[in-house]
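Throughout, read-outs are computed from the coordinates displayed, never taken from laboratory work. Since the structure is predicted, the reported quantities are computational estimates derived from the model, not experimental observations. Glycine also receives a Cβ, built like all others from the backbone with ideal geometry; neighbour counts cover every protein chain displayed.
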Amino acid sequence: MEWANQLCENRQFGSKMTDSKYFTTTKKGEIFELKAELNSDKKEKKKEAVKKVIASMTVGKDVSALFPDVVNCMQTDNLELKKLVYLYLMNYAKSQPDMAIMAVNTFVKDCEDPNPLIRALAVRTMGCIRVDKITEYLCEPLRKCLKDEDPYVRKTAAVCVAKLHDINAQLVEDQGFLDTLKDLISDSNPMVVANAVAALSEIAESHPNSNLLDLNPQSINKLLTALNECTEWGQIFILDCLANYAPRDDRESQSICERVTPRLSHANSAVVLSAVKVLMKFMEMLPKDLDYYGTLLKKLAPPLVTLLSAEPELQYVALRNINLIVQKRPEILKHEMKVFFVKYNDPIYVKLEKLDIMIRLASQANIAQVLAELKEYATEVDVDFVRKAVRAIGRCAIKVEQSAERCVSTLLDLIQTKVNYVVQEAIVVIKDIFRKYPNKYESVIATLCENLDSLDEPEARAAMIWIVGEYAERIDNADELLESFLEGFHDESTQVQLQLLTAIVKLFLKKPTETQELVQQVLSLATQDSDNPDLRDRGYIYWRLLSTDPVAAKEVVLAEKPLISEETDLIEPTLLEELICHIGTLASVYHKPPSAFVEGSRGVMHKRLPARTGSGESTESPDVGTIAGGSGTETAPSIIPSQGDLLGDLLNLDLAPPTTTGPPPPTSGMQMGGMDLLGGGLDSLLGGDIGGSAAMGAGFGAVPAVMPASLNAPMGGGLGDLFDLGGGVGMPLGAYIPPKTVWLPAMKAKGLEISGTFARRAGVIQMELTLTNKAMSVMTDFAIQFNRNSFGLAPAGPLQVLSPLSPNQTIEVSLPLSTVGPVMKMEPLNNLQVAVKNNIDVFYFSCQYPISMLFVEDGKMERQVFLATWKDIPNENESQFQIKDCHLNSDAASNKLQASNIFTIAKRTVEGQDMLYMSIKLSNGIWVLAELRVQTGNPNYTISVKCRAPEVSQCVFQCCEAVLKN
Amino acid sequence: MISQVFILSSKGDHLIYKDFRGEAGCDAVNKFYEMVTTLTGDQPPVVMKHKELHYVHIRQGGLYWVATTKADSSPFTIIEFLNRLTALIKDYCGCLSEKSVRMNFALIYEVLDEVVDFGYIQTTSTDILKNFIQTEAVSAKPLSLFDLSNVGLFGADTQQNKVAPSVAATRPIMSSRGEQGGKNEIFVDVIERISVVIGANGVLMKADIEGEIRVKCYMPSCSEMRIGLNEEFSIGKSQLRGYGAAVRVDECSFHQAVRLDEFDTYRILKLCPSQGEQTVMQYQLCDDLPTAPPFRLFSSIERDTGGRLLIYLKLRCDLPPKRSVLHLNNNPALPLFSYSLFSSLSQELSSPDQSAELQPQNKAVHWEIPRFPGGAQLSALFKLEVPGLSSASLQEVGSISLSFELPKYTCTGLQIRFLRLSPIQPGASQRWVRYVTHSDSYTIRI
C-alpha cells in the first residue's frame, strides 16, 4: 500500500512540475524504472538516472529506497557522476545509517586517490554524513588530509574538523585534531589559513574558556599578513576573529587599525562592515586627541556612504548599522546628511530607516535643509511614511532649539492642507513642542482649535485635549470645547478619557467659577459610570484632592512640569556598546543582543568595547568614562526624563513620549505611568513608612461612601501592596535576605516593573521576584533566562506566572535556581544578567546576588583540615577587611553568621580579642576560610579571608558585612 | 555561517535545496514562502526570523534566493554571497530564470558544493571554480526576435550588426568549452545611475551619479586587458587637472583583481579578466554634475472654473540633439486627497505616440514617452475631475518623478579610450563597449 501511495504522490509532483524533463515523470513505477537505469552498464544512462533521483529529492520526494543502487554507482572514475552520488549520500545517509557504512570503503579509498579533487571531495562528503559510526572511519583519512600536499585538500580538511567537532567534540579533542588545526593558522596558503581560523572560531565558541584561538601579538601579525592575500570571504573570517582580540595598549590598537583600514575600500560590503567593526572597537582605545583618531574618523565615512548605493536589501541592513554608528559616534557622518535623503523609489523600509538617521544627524548647521526635505516628504503618497515625516519635524523642533520656530511654522503649513492624518500627526507633535518650549508658541492654538472636528484618532484627540487643558486660561471657549468632548465620553478610548478628566480638572482649577458643573460631571462619569479601574482611581484621587484641599490640588495639578528631553529613543548605552561589537551581524539589524535570538550554546558571550588604556597600563584597569558600569542599577541612561515619577503621573505628563520613530509605541507604553496612582506610585511616595501607608489605608477606608462596591476588588491588590512593604518583613529568622530592590524599572520595560532579591531556603537558592504590571494591557507568557554567570546559576524551572498579569496587578514569584548552568566569569563576580520575556517584548537587566546564597549547608570544615588548609593557601591570597560600626558580641555574630551557612569552627580569646575561625563552602566546591577578630568594646571588626580563588574574597567580605549588620 | 541555501520559484516551488549544517529541517522552505508572501508592506523583508532560524533573501530573475542561519552571522556576508551566487549561476547558465535553474540543477548543486562548505563561504570566483566544476551547462536561451533582426534582406549585413544584440551577453560562459567555434567576445559596459532632485523653483537641489564599469568576458585565454579611461579623469575634489573640463568623480573603488600601477599617470586599468561577469570599478559623484541635468520641467497647476484640476507640464530634454532618450516614464504624483474612485482624467498630449493614464492605486498620472530626442520639448495638459477640490489642495500636488534610459551616454562624461588585449587574440575577437545611463530617482518638485 505504501508503494501505491508513493506512486500517487509522484504523479502529483509530476503534473505540477512541468518544465524540465527531470521533473516530469508521470509514468508508473518510477522508482522501479530508476532502479533499472541505475544498474545500467552505460555511464551516460547511469548519470541521467542519478540526476533524476536528485531532482526527485529536491522537490521532497522520498527516494531513499534507491540507496543501495545509488551507492553502487559510487565507484566510478567519472567525477561528475561521483559528485552526484555524494550529493545523494549526504542527504540520505542519516536516515539509512546501516547502509551508509557500505560507502565507507569507497570514501577511504578516495581519500588516497592521486587526484586532489577526489581526495578533497571524499573528505568533504564524509564530514557531511552525520552518522556516528562513520566518524570513527573518518579520523585516519582526515589526519592524512590535514597534512596533504595540496592546499585544496588541506582547506577542505580544516573545515572537516569543524564538522566532526559538531558531531563528536570529544573525538576531535582525543585525536588531537585541534592542535593540527592550530598549526594550519601558519599555513602558507591563505585559503587554508582562513578556513582554519573559521573552524577554530566556531569551535572556540562552544568552549568559552579554552584558549583555542590563542590571540597574541604574534598570531595577530600572522593573521594580518594573511588578510592581504585571502579571498574576500577569508578576509571576513579573519577580520571577525581580529575583532575578538583585545589589544594591550593604544599603540598596538593603532597599528592594527592602520593595517585594517585598506579593507574599507573593498568592493564586498561584508568585508567593509567587518573592517568597520574592528575599527569601531579598537578606536575606543585610542586617545581622542591623537591625530590618527581624527584621520580614522574621516576614513570611516566614505565606505558607509558607498553602502547606500547598493541594492535595497543591503541598503536596509547598512542603514540599521549606520543607525548604531551614528548613535555611538555622530561625528563620523555629520557632514553626510544629504545621502540619507529619501529617493522616491526607495522601498518603504529603507525610507523609514533613512528618516530616523536624518533626525539623529540633524543639527543647527543642517536643520534648514532637513526641514525642507521633511516638508516635501509630507506630501508623498505613502501614508505611513507621511506620518513619520510629520513626526520627524516635531522631533527636529525638540532636538534643535534654534529651529523650533521654523518647525512650528512648517507644521502649521501642513495643518493648512487639511489632510486628515497629516493634521492629526501635526497636533500630536505640536503638543510635544509645547512641552519642550512652554509659553512660546501658544499663538498657534487658535489654528489647532479649528481642526477639532477632524480628529478621529485617540492619540490626536488626547493631544488636543491636553493642549486645551494646559492652556485653558488662554482659550476663551475652553469649557465649551471640553464639554463637547465630554458628550461622547463613554465611546472614547481610555487614553482620551484620562486626558479629558485631567484637562477638565485643570480647567476647573484655573476657572473655578464657571466650570464647577463640568468638573462634577466628569468626576462622576469617571468614578461611577466607568468600569475602568485606572480611570476610576484617577477620578477618586482628583475628587479627594479637590474636596480636601483645593490649594494643594492646585499645587499638585498645576505644578510646573519638567521639560521633556531631546531623544528618548536612543538605545541604552550598555546595549549600544554591545551592539557596536556586533556590527555587521544580525544583532545589529535586530538591534537586540545576540543572546536574545541565538540559541543557548552559541554566541551568547556578551561582548564589550575595550576600555581605553595607555601604553603602560594593563587592560584590566577600568576606565570610568568609556564603560558604563556593569550592574543594571548604574545603567539607567540619564536622558530618560522624569516621566515615571508620581508628580508627573498626576499631572499626566506621560501622554506620549516624544519618540516618534522606531517600532510604534504600544498603547500600553503610553499610559504607563498614568495608572500607577495606587500601585507603585504611592508605594514609592510613602517609601516604606508603615505609619504613612496605614494612614493612607485608613484614608481610603473613609471613602467607601462614594466608592462603589466593585471597586474593592481591584483596589485590594494595590492596598495589599501598600502594607506589604517588601524588605524582609514577615520572613522567618534565618539566613540573611537582602531587601528587594527594583531591578527593572517600568520605564525601561514597557510597563513591567521587576523587583526582587535572592534567598536560600532549606538548601535551595531562590530568586524572589515581584512583577508589577504598570502598563495598560494584560501581560502573559512570562519566561526568564539567565546569561552565563560566574557560578552557573540557572533557573531550575520555568517562571511560574500562572494567570495573566492584568494592569496594575502585582504578583510575587519565587523561582528556584540551580547551580549547574553554563559558567562564565562576570565582572563583578556576582553579577547576573537576566532576560525576562512576556507577550510584549524581551527585557534585559542585570542584578547582583549576595554570594551568601551560594554558601552550602555542609560547609563546616574539620578543625585539622582547616588548619592544614589555612597554611596551605599562600599568603598572597589573604585579604583583610574592616567591618565598621558593628555592635554585636562575638557569640551573637557567630550565630548570625551560622544562619547564613558561615560556620564558626573554633574560637580563641587573646588579650581581650575574640578570634573566630570560620569556613564557608561555595556551591561550586570552593572553600573560603576566614578569621574574624572582635575586640570587646570596639565596634570595628577585622576579617581576614583566605581562599584559593582570591577573587571571591571581596564578595565574601561584603556578604559577611551585610549579614552582621542586619 | 550559512545553514541552508534554497532557491524558490515565484510560486513557491522548490528548485534547489541544500542543507550545509544539518541544524534546521527542510520545512524551513515552506515556512519561508509562507512568511514572505504574508509580509505586510512596511515590514522589511530582508531579514526574517522564525523561531531559531533567520532567513535572509534576495529576489533575482523572478526567483527567491534564500539562505538561513542559526548563529549571529553577518547579513552583509549572506546578501553579498547570494548576489554573487546569482552572478555565478548567471555566468554558468547564461541567464537567470526558473527554466535555466531547473535545467541546470545538477550544475547548481555542484557549484553550491564548491562555494560553501559547512556554511563557510569558500570562493565565488568563476576562475577558481572552473577547475572544479564538471557538469556542462544546458543553455536555456529563449528564441529572440533580436537574433532575426540581425539578418538583413537577402542575407546582407544590416546596420544593427555594428551593435551587439542585447541578448548577446546572456549565454553561459562555459558552453564553448572544448569547441573552438565559440565567439571570442568581451563586453565592457559603463553603467551610470543618476538621481536628481530639482526644487520647485527650478534649482538643482541634489544630483548624484553612481556608476560602474562592468566587464563580461567570454575569452578563454586572455592574460591581460588594459582599459584606458579619459586621461583627464580625476578623483576627489582637489585634484583638478588641466583646464577645467575634467571628468571628475568623488570616489572610486576597484575590484581586487585590478592593478592600478598605470592608473595614476595614464588612467589605465589593468586586469586579467576571468570568464564571466565582474564589476571592475565603481564610482560616485555627488552634487556636482559636469553638465546640466538631462531634463527640465515647467509646470503649472490650477483649478478651472468647473472645479477641475489642470496640470500643465512642459518637459525639455537638455541633451545634445544627437542623443535620444528611451522609455521615459513620467509620474506626476497627485494630491493626496484625490479620492481615486471619483477622479477621471482627460489629457492633451503633444504627439500621438505618447500615452497617459491615471493610476488610482498610486495616486498618480503615468505619462509615457517612448522616444524623446535631445533638445526637444514636449508638453501635456491633464485635466482631472476631483470632487471637493479646494485651493489649499493645490499645494499638495506632490513631486514628479521620471524614469528613463539614456543609451550611449554617460552623465559624468566617462569614456573608454581604448580596450587592449594581450597577447593579441588569435582569430576574430570582438570587443564591445557600451554606455548607458539609467535614472535612479529623478524627482522634480512642484
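Per-structure values
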quantity: Nearest-0.05 FRET efficiency for A:LEU412 and B:PHE298, computed from C-beta distance (R0 41 Å); calculated: 0.90
quantity: Residue-count net charge about A:ASP781 - beta-carbon cut-off 12 Å; Lys, Arg +1, Asp, Glu -1; calculated: 0
quantity: Rounded if a/c under 1.5, otherwise prolate or oblate - the range A:457-548, Cα gyration tensor axes; calculated: oblate
quantity: Under 17 Å, Cα to Cα: Lys pairs in the range A:823-923, sequence gap 8 or more or different chains; calculated: 6
quantity: Cβ-Cβ FRET estimate between A:GLU560 and A:ASN477, R0 fixed at 30 Å, reported to 0.05; calculated: 0.70
quantity: Neighbourhood charge, 14 Å Cβ-Cβ cut-off, centred on A:LYS965 and excluding it, Lys, Arg +1 and Asp, Glu -1; calculated: 0
quantity: Over the range A:727-847, relative contact order from alpha-carbon pairs under 8 Å, at least 6 apart, %; calculated: 24 percent
quantity: Proxy reagent accessibility, fewest Cβ within 10 Å first, across A:TRP466, B:TRP432; calculated: B:TRP432, A:TRP466
quantity: Average beta carbon contacts from partner chains per residue of B:102-110, 10 Å cutoff; calculated: 5
quantity: Estimated inter-spin distance, A:LYS511 and A:GLN528, nm [label 7 Å along Cα→Cβ]; calculated: 2.5 nm
quantity: Residue order, fewest to most surrounding Cβ atoms within 10 angstrom, among A:ILE784, A:ILE765; calculated: A:ILE784, A:ILE765
quantity: B:HIS50-B:GLU231 pseudo-label distance in nm [points 7 Å out on the Cα-to-Cβ vector]; calculated: 6.1 nm
quantity: Gyration tensor verdict on the range B:56-141 (Cα atoms; rounded if a/c is under 1.5, prolate if a/b is larger than b/c, oblate otherwise); calculated: oblate
quantity: The range A:457-548 - charge dipole about Cα centre, Lys and Arg +1 at Cβ, Asp and Glu -1, debye rounded to 20; calculated: 460 debye
quantity: Shielding score for B:280-289, defined as the mean number of other chain Cβ atoms within 10 Å; calculated: 2
quantity: Cα gyration tensor shape for the range A:741-849, rounded if a/c is under 1.5, else prolate or oblate; calculated: prolate
quantity: Distance from the range A:836-851 to the range A:167-230 (C-alpha centre basis), Å; calculated: 35 Å
quantity: Loop trypsin sites (Lys or Arg not before Pro), the range A:287-389, which have at most 12 other Cβ atoms in a 10 Å radius of their Cβ (DSSP); calculated: A:LYS288
quantity: Nearest-0.05 FRET efficiency for A:ALA246 and B:GLN430, computed from C-beta distance (R0 45 Å); calculated: 0.20
quantity: Added length on full extension, which subtracts the Cα-Cα distance from 0.36 nm per residue, A:ALA372 to A:LEU888; calculated: 178.5 nm
quantity: Simple spin-label estimate for A:ALA796 and B:THR305 in nanometres, 7 Å along Cα-Cβ; calculated: 9.2 nm
quantity: Around A:ASN115: net Lys/Arg minus Asp/Glu count, Cβ-Cβ under 11 Å; calculated: -3
quantity: log10 of Debye I(q)/I(0), alpha-carbon scatterers only, for the range B:2-130 at 0.21 Å⁻¹; calculated: -1.33
quantity: Loop-resident sites, the range A:360-459, for GluC sites (Glu not before Pro), counting at most 15 other Cβ within 10 Å (DSSP); calculated: none
quantity: Average other protein chain Cβ within 10 Å of Cβ, residues A:229-236; calculated: 5
quantity: Cross-link table A:LYS343/B:LYS216; A:LYS42/B:LYS130; A:LYS277/A:LYS399; A:LYS592/A:LYS750; A:LYS109/A:LYS133, entries beyond 24 Å C-alpha to C-alpha; calculated: A:LYS343/B:LYS216; A:LYS42/B:LYS130; A:LYS277/A:LYS399
